[in-house]
């Protein structure tokens, strides 16, 4: 398929590599061109503008870090909406807010284009291995058309219906559940520690059966070893996700009390200079609130 | 070993059955004698008083529902402390508070007896199958002496040191992490539902990889299907556990903000008549707070 | 002084009336012209565009409902920035966010104009009586120049320095303290009610000495009498203020845990259809969370 | 009237002094006898046991620091219940929990005595001046009989009906509203401070009109001046009150989300060694959670 790809960060690079490897006709664009080098070597055509990455493409995929970047790339001067052919599809695979998702879907529809929200589950190495989970929502025929691409990028695609915001909501709910789980772990480890329990022991107990899954094993291990430099998602990005979840919830009049506890500890950690450490530094804020450190 | 066993509820009955099956010399006592029938048939001796269950025993195991029951059985008139031989061991396997655990340890020590805190991880069917996790703390030689019993009851024993309260803290931390995880799930399911997402879909996404573990699969399924009658732990008992965790944390000057969100929803669910339903009814309180129902 | 005035809602109308009454040369603009009728009768000149309200004015005052309105009126096409003379002053008296305040100050400075943030304390009837509290921040000479206007509008002006965002922060902090106080009252009234205490009695006890002040007497009376139609600020506007306070706090890395409790109850009340009732309907959400209604 | 008085701390001493000054026949008891010296000089009879303070008295007043002290003094060996005449009245004026209040009322009723709960509002200097607020509940004739005593002790008596627990609930609700107000102030002062606002300025704005009452003026001034040694109620005692309010609320199935924010900051302050400072040190915990200090 003729595919454009915009946004070659750690996630985007891995995903684009999968598409290239599968023989799709790939044109890629990234603001800093150097990041496209590996793809170029693999055969992708590297272009210097968003418009070129859209010209003649059936599908343009974006993988961008936040709503503002997406809005600029899609709707700004020289953006996707101005360059994409009638009937072509913009597949946005970043984690985006519900409001931004709605706005994008409307804007593309008004321009005779189709918007598919397809946020992903998994880290860069999972993306590079084509093992992502993908949550896709948008008009059924557009999702069906993208399906071969999703099959190359991921291990499993969850179809979430025609309303793009549902995919956004699912992804935000997933990140919310994860972030709050990490917050709770931070609270529990400090509780146990002040009772003289070694962190490694609590880790073993929790992950033995009840919480024997990647979320708890991964982040629990970081907290147990206080290895805050092993960054999955930074505290700053986690705060962005947290705010997106709270905004998505407010939009449908849902309070998220656990989210506030998570958010407050993230802010506390950032206030102490830990914004670029792993999001599990909520455990550091918890320790400080408990008189440690 | 000559073992006394007090408290033959669903958990206690299963554990005692394992001991009897392994050939230990078992004397059992339960307030309502009928619950001892199966064990009697299997060869255990059923007695009519706590004192008889202690007389001549090397180890007496209790599995009681809350601190008050434990304190009465152990320290009340006609209780364990008055009947247990010098040097004999009281192994308490229920979920008990840190303060009660400390008080019990001291009281037994003053009477020349030994207290081992050994709360368990797992549900009644797991107990009956001898597959529990056991968190044991107490004087090293006493724990070592109990080890053959633990090996019969459980799949794995976590040794938590000489201070009994550490075992209590670990067990409470475990239940805290579980309860908060359920609360967070409740919040997330309602968030997604009000965005038009089917509960089964969010369940699939969450438990696919990141949260592919018994805690999320079990309680997530109850919430997804709104099957509140599938009771693991009742809301009322969960509130007891929550309060024990908060008290244990206060005792070492640790705030647990996520615990407050969990506690408030439990209270809300109980206020609406759901005390005896599964603890996942926090999701019902969350739905109500969001204008549903 | 030659004053332009934009935004003649209930607050703006009262304030503009004070300026007109004091003999200032007033030119007024409101999107819906009818609201200017009373001022016109009193001698003010009513114009049909923002630009006309700015032309030749030394000071232009805005009293607008939210950040978006302010940004459009000040920075949009045909807005204040395009029409105001070099060196002239824009005094914004609405409740605005810290980020918007910063952006406005910068935009006006770049255009050679001066921005003064001067949010007010008091309700419409207080404004009409010239008894407002005013919190003013901006370049010292500009604030000094506005001082005669403030003296006509208000009972007392609090000077908050040269940084406009300080005035915004103070106003948001004030509204935050008020909103949280109302939330706490709602919690307390339900606590007492479920113990059989008449709401009027708790009201009397609280406001007798310790809380004998307008905030508690006013909102306490609404809650005690469940008179939600006596609207000071609607729940929807309170949620806007709450979000502004949380955003202002996040901007300087401050968590506001009490604000989350307030926010969650506001969202809950709105979810139950109470968005346009008085903000004290947090007490209704609290009652519902407690099994009442 | 023949009055016994037990508990001559700062509050009790002031109240007993008022009774003595009004010509009542006073017999007083305090665990540490020295505290009775001033009353003895004023004409009160000082005795060495609780029983002597009860013998032949129509009314015995207690002013004790917490539930445990009250339970020991009233129900312990040599306690009030054993010594008080049939039909005589025990008036408990301390701040006590709802559960303890119920237990005491029942215990005295079973002994043919009458229990009146009459917690007070006001600080020691207010008590010494006879200007307390008194919230009284109990059998109507008993409250009526105590009325002349209340009139000497206080400025105003709020009658809360026959159920003693209502008075306890009102007092706890009052302290809850106060504690949460202090917590909110702490959050607001740090929010403003990190925006460069002087604490004295925010204090002036808040207490100018909206919050012009003793609660905000008193505790706001402590926070503004960071004068934590000016102790009204210690953080430790505030935590006790907070826990009593949460327990009273749980007893009637009411969540108190703002109370959790307050409680967490109290625990945080205590964890940093501030237990004996004024309860407004929640503002110190808030500052620390925001990266200050």
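The values are calculated or read from the model by the stated rules, or taken from the named source; none is laboratory data. Predicted model only: the values in this text are computed from it and were never measured. Positions of Cβ are backbone-derived with ideal geometry, glycine not excepted, and every protein chain shown enters the neighbour counts.
Under the condition of being farther than 16 Å from residue B:164 by Cβ and either crowded, with 18+ Cβ neighbours inside 10 Å or in contact with a strand residue (DSSP E or B) (Cβ under 9 Å, 6 or more places away or on another chain) (or both), the residues counted in segment A:195-204 number 4. Among the residues of segment C:220-235, which ones are within 12 Å of another protein chain (Cβ to nearest Cβ), touching a strand residue (DSSP E or B) at 6+ places or on another chain (Cβ under 8 Å) and outside any loop (DSSP other than H, G, I, E, B)? Correct list: C:235 only. Looking across segment B:1-36, the residues that are without any contact (Cβ under 8 Å) to a residue 24 or more places away in the chain, out of contact with any helix residue (DSSP H, G or I) (no Cβ under 8 Å at 6 or more places or on another chain) and closer than 19 Å to residue B:79 by Cα come down to B:31, B:32, B:33. Kindly establish whether residue B:155 is outside the structural domain of residue B:260 (by TED's automatic domain parsing) and assigned to a strand (DSSP E or B). When the stated conditions are applied, residue B:155 passes them. Within segment C:195-210, residues that are within 7 Å of another protein chain (Cβ to nearest Cβ) have Cβ atoms under 7 Å from residues that are at pLDDT 95 or above and in a loop (DSSP other than H, G, I, E, B) in these pairs: C:195/D:252; C:196/D:163; C:197/D:160; C:201/D:160; C:210/D:213, counting only partners at least 6 apart in sequence or on another chain.
Okay, residues lined up against (1) surrounded by fewer than 16 Cβ atoms within 10 Å (Cβ to Cβ); (2) over 23 Å from the mean Cα position of the chain (by Cα); (3) touching a residue at least 24 places away in the same chain (Cβ under 8 Å):
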| site | (1), (2), (3) |
| --- | --- |
| D:38 | yes, no, yes |
| D:44 | no, yes, yes |
| D:53 | no, no, yes |
| D:56 | yes, yes, yes |
| D:61 | no, no, yes |
| D:66 | no, no, yes |
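The criterion of being surrounded by 24 or more Cβ atoms within 10 Å (Cβ to Cβ) and either at pLDDT 95 or above or more than 10 Å from chain A (Cβ to nearest Cβ) (or both) holds for residue B:164.
So if I check each of B:106, B:155, B:147, which one is within 14 Å of another protein chain (Cβ to nearest Cβ) and out of contact with any helix residue (DSSP H, G or I) (no Cβ under 8 Å at 6 or more places or on another chain)? Criteria check complete, one pass: B:155. Which one is surrounded by the fewest Cβ atoms within 10 Å (Cβ to Cβ) among residues in segment B:272-293 that are within 12 Å of chain C (Cβ to nearest Cβ) and not in a helix (DSSP H, G or I)? Top of the filtered list is B:293.
Inside segment B:63-92, can you point out the residues that are closer than 23 Å to residue B:233 by Cβ and out of contact with any helix residue (DSSP H, G or I) (no Cβ under 7 Å at 6 or more places or on another chain)? Quick ask: steps written out before the conclusion?
First, pick out the residues of segment B:63-92 that are closer than 23 Å to residue B:233 by Cβ: B:63-73, B:91-92.
B:65, B:68, B:69, B:72 - these are the residues of segment B:63-92 that are closer than 23 Å to residue B:233 by Cβ and out of contact with any helix residue (DSSP H, G or I) (no Cβ under 7 Å at 6 or more places or on another chain).
Candidates B:212, B:200: the one that is modelled with pLDDT of 95 or more and within 27 Å of the chain's Cα centre (by Cα) is B:212.
Total residues in segment B:241-257 satisfying the condition of being buried (at least 24 other Cβ atoms within 10 Å of the Cβ), part of a helix (DSSP H, G or I) and within 9 Å of chain D (Cβ to nearest Cβ): the figure is 3.
Residue-wise test of (1) part of a helix (DSSP H, G or I); (2) more than 22 Å from residue B:123 (Cβ to Cβ); (3) modelled with pLDDT under 95; (4) touching a strand residue (DSSP E or B) at 6+ places or on another chain (Cβ under 6 Å).
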position	(1), (2), (3), (4)
B:16	yes, no, no, yes
B:19	yes, no, no, yes
B:27	no, yes, no, yes
B:48	no, yes, no, no
B:57	no, yes, no, yes
B:64	no, no, no, no
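Being out of contact with any strand residue (DSSP E or B) (no Cβ under 8 Å at 6 or more places or on another chain), over 30 Å from residue A:218 (Cβ atoms) and not in a loop (DSSP other than H, G, I, E, B) is the filter here; which residues of segment A:108-125 pass it? A:110 - this is the single residue of segment A:108-125 that is out of contact with any strand residue (DSSP E or B) (no Cβ under 8 Å at 6 or more places or on another chain), over 30 Å from residue A:218 (Cβ atoms) and not in a loop (DSSP other than H, G, I, E, B). Counting only residues that are crowded, with 19+ Cβ neighbours inside 10 Å and in a helix (DSSP H, G or I), segment A:129-144 holds 2 of them. Taken across segment D:215-229, residues that are within 14 Å of the chain's Cα centre (by Cα) and touching a residue at least 60 places away in the same chain (Cβ under 8 Å) do not occur at all.
Right, residue D:132: in contact with a strand residue (DSSP E or B) (Cβ under 8 Å, 6 or more places away or on another chain), at pLDDT 95 or above and within 11 Å of chain C (Cβ to nearest Cβ) or not? In short, yes.
Can you tell me which of B:181, B:238, B:188, B:269 is closer than 19 Å to residue C:260 by Cβ, touching a residue at least 12 places away in the same chain (Cβ under 8 Å) and part of a helix (DSSP H, G or I)?
Values: B:181 fails: closer than 19 Å to residue C:260 by Cβ; B:238 fails: closer than 19 Å to residue C:260 by Cβ; B:269 fails: closer than 19 Å to residue C:260 by Cβ.
Of B:181, B:238, B:188, B:269, the one residue that is closer than 19 Å to residue C:260 by Cβ, touching a residue at least 12 places away in the same chain (Cβ under 8 Å) and part of a helix (DSSP H, G or I) is B:188.
Does residue A:91 satisfy the criteria of being surrounded by 20 or more Cβ atoms within 10 Å (Cβ to Cβ) and not in a strand (DSSP E or B)? The answer is no for residue A:91.
Residue-by-condition table, conditions (1) at pLDDT 95 or above; (2) closer than 18 Å to residue B:152 by Cβ; (3) not assigned by TED's automatic domain parsing to the domain that holds residue B:242:
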| position | (1), (2), (3) |
| --- | --- |
| B:84 | yes, no, yes |
| B:109 | yes, no, yes |
| B:112 | yes, no, yes |
| B:119 | yes, yes, yes |
| B:125 | no, yes, yes |
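The set of residues in segment A:178-194 that are closer than 14 Å to residue A:287 by Cβ and either at the interface with chain B (Cβ under 7 Å from one of its Cβ atoms) or surrounded by fewer than 19 Cβ atoms within 10 Å (Cβ to Cβ) (or both) comprises A:183, A:185, A:187, A:188, A:190, A:191, A:192, A:194.
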